[in-house]
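K.L.:
Please find one structure pasted underneath; my questions will follow.
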Amino acid sequence: MAKLTKKQKEAAAKIEKNKVYSLKDASVLIKEIASAKFDESVDIAVRLGVDPRKANQMVRGVVTLPHGTGKDVKVLALVTPDKEAEAKAAGADHVGLDDYLQKIKDGWTDIDVIITMPAVMGKLGPLGRVLGPRGLMPNPKTGTVTMDVAKAVQEVKAGKIDFKVDKTGIVHAGIGKVSFDSQQIADNASEIIQTLIKLKPTAAKGTYIKSIHLSSTMSPAIALDPKAV
């Protein structure tokens, strides 16, 4: 097990052992214990009472965080020539088609989100091995395969994120930066938690929200009270 640094020990000491915090208190504390010289990301991890191996218990969705992610999201719009101007005007960082498909095939993945059109998806299929493991494959369910490319680009730039429960039953998501004020962190966390609650599969039995933790890039996790969200 890696040894904790002095700053990490000091941060851990501020978190009461075995205590579960309210979202409001945790959002204040996460700012207090952040000690890095850079603007740390704030992440949420929600353990769900589902079995992701069963299709009827898979939890996946999108949410637009009210205060954005604090991250400059790099968007690639893979579109036909008639949609290029629209995508550029909406704020896409990279716009094109065949040239970028070749770059991806050659190993380039310096992007956060790919937005494309239904007609282009056939060309993306062979790149699944590259894009899939990196979470970059566009999907109609997350709004990244659409004819309204401009709207999709604008939403992603404004703080729309997609999430998916992993094989251990946990949903991980970046919900901001420690430079956000505590209310902004709480608002963003609440938005994704409420979205998860709405997405509860009918096949899920027992306790649905099992645990919630907030953490920043360099800090220990803070346990939230699932009953108080």
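The values are calculated or read from the model by the stated rules, or taken from the named source; none is laboratory data. Quick caveat: nothing in here was measured; it's all calculated off a predicted structure. FYI the Cβ positions are ideal-geometry reconstructions off the backbone, even for glycines, and counts take in every protein chain you see. These area figures cover heavy atoms from the full protein model, side chains too; ligands, DNA and RNA do not enter into them. Shrake-Rupley method; radii C 1.70, N 1.55, O 1.52, S 1.80 Å.
K.L.:
Taking strands (runs of 3 or more DSSP E) that do not extend beyond region 66-139, which have at least 3 residues that are surrounded by 15 or more Cβ atoms within 10 Å (Cβ to Cβ), without any contact (Cβ under 8 Å) to a residue 24 or more places away in the chain and touching a strand residue (DSSP E or B) at 6+ places or on another chain (Cβ under 9 Å)?
P.N.:
Counting at least 3 such residues, we get 94-96.
K.L.:
In this structure, is Ile44 at pLDDT 95 or above, of a type outside the set (Ser, Thr, Tyr) and out of contact with any Asp or Glu (no Cβ under 9 Å at 6 or more places or on another chain)?
P.N.:
yes
K.L.:
Moving on. Does region 32-50 contain at least one residue that is closer than 17 Å to Leu224 by Cα and either polar (S, T, N, Q) or part of a loop (DSSP other than H, G, I, E, B) (or both)?
P.N.:
yes
K.L.:
Test of understanding: among Ala203, Ala223, which residue is open to solvent by less than 40 Å² (accessible area, probe 1.4 Å), more than 18 Å from Ser41 (Cβ to Cβ) and touching a His at 6+ places or on another chain (Cβ under 9 Å)?
P.N.:
Step by step, each of Ala203, Ala223 is checked, and only Ala223 is open to solvent by less than 40 Å² (accessible area, probe 1.4 Å), more than 18 Å from Ser41 (Cβ to Cβ) and touching a His at 6+ places or on another chain (Cβ under 9 Å).
K.L.:
Would you mind telling me which numbered condition in (1) assigned to a strand (DSSP E or B); (2) open to solvent by 90 Å² or more (accessible area, probe 1.4 Å); (3) at pLDDT below 95 Val63 fails?
P.N.:
Condition (2) is where Val63 drops out.
A quick yes/no check of all residues on (1) under 14 Å from the mean Cα position of the chain (by Cα); (2) of a type in the set (S, T, N, Q); (3) within 29 Å of Tyr208 (Cβ to Cβ):
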| site | (1), (2), (3) |
| --- | --- |
| Val59 | yes, no, yes |
| Tyr100 | no, no, no |
| Val113 | yes, no, yes |
| Gly125 | no, no, no |
| Pro140 | no, no, yes |
| Gly159 | yes, no, yes |
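K.L.:
Pick out, from region 145-229, the strands (runs of 3 or more DSSP E) lying fully within it that include 3 or more residues that are touching a residue at least 60 places away in the same chain (Cβ under 8 Å) and more than 23 Å from Gln57 (Cβ to Cβ).
P.N.:
Output list reads 170-177, 209-216.
K.L.:
Can we say Ile44 is closer than 22 Å to Asn188 by Cα, in contact (Cβ under 8 Å) with a residue 24 or more places away in the chain, buried (at least 21 other Cβ atoms within 10 Å of the Cβ) and over 18 Å from the mean Cα position of the chain (by Cα)?
P.N.:
For Ile44, the condition - closer than 22 Å to Asn188 by Cα, in contact (Cβ under 8 Å) with a residue 24 or more places away in the chain, buried (at least 21 other Cβ atoms within 10 Å of the Cβ) and over 18 Å from the mean Cα position of the chain (by Cα) - is not met.
K.L.:
Here's something else I'd like to know. So which of Glu84, Glu32, Glu16, Glu10 ends up being acidic (Asp, Glu), at pLDDT 95 or above and over 21 Å from the mean Cα position of the chain (by Cα)?
P.N.:
On inspection, the qualifying residue turns out to be Glu84.
K.L.:
State all residues of region 13-28 that are within 25 Å of Gln183 (Cβ to Cβ) and not basic (Lys, Arg); if no residue qualifies, say none.
P.N.:
Ile15, Glu16, Val20, Tyr21, Ser22, Leu23, Asp25, Ala26, Ser27, Val28
K.L.:
If a residue has to be aromatic (Phe, Trp, Tyr) and modelled with pLDDT of 95 or more to count, how many in region 155-193 make the cut?
P.N.:
1
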